Ligand SMILES: [Zn+2]
């Protein structure tokens, strides 16, 4: 499991660096980019989601696809962006040891186990579903279908009771 909240640090001795971000993540990557320039290492990017728009997936896929051993990937941005780029990176042969990621939006999506409504949360504490009033505890079970984490009902936690 990759730590997505740790601050990014320069991993030295790499053949090439690839940087991927969205507008917000770019701020996180800026000092890193400076450091990479300072050591004079080759790099590609930063590939910006807002700039590439519809071509983003394709460009990231083709650039990561032709990386050789010793390439290192930095991704910073929303959880959605980081998850997407990680999927492409893993498919291109990158491992957790070849990358660092930073999620900048800090919130994540949880869906209610009863009504399936999605709530955006910034922490893992218990909350009440806005839609059906069920008391929910965020779990680490991630559903691709809902693109969200499952919220388990807390026993005896129905606020309508
Ligand atoms: Zn609900």
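Out of 73, 19, 52, which single residue is touching a helix residue (DSSP H, G or I) at 6+ places or on another chain (Cβ under 9 Å) and surrounded by fewer than 16 Cβ atoms within 10 Å (Cβ to Cβ)?
Values: 73 fails: surrounded by fewer than 16 Cβ atoms within 10 Å (Cβ to Cβ); 19 fails: surrounded by fewer than 16 Cβ atoms within 10 Å (Cβ to Cβ).
When all the criteria are applied, what remains is 52.
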Out of the residues in segment 97-117 that are within 9 Å of the ligand (Cβ to nearest atom) and assigned to a strand (DSSP E or B), state the one that is nearest to residue 81 (Cα to Cα). 111
Please indicate, with yes or no, whether at least one residue in segment 118-128 is away from the ligand (no atom under 16 Å from the Cβ) and either at pLDDT 85 or above or part of a strand (DSSP E or B) (or both). no
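The values are calculated or read from the model by the stated rules, or taken from the named source; none is laboratory data. Everything numeric in this text was worked out from a predicted model, so none of it was measured. Note: ideal-geometry Cβ built from the backbone for every residue, glycine included; neighbour counts use all protein chains shown.
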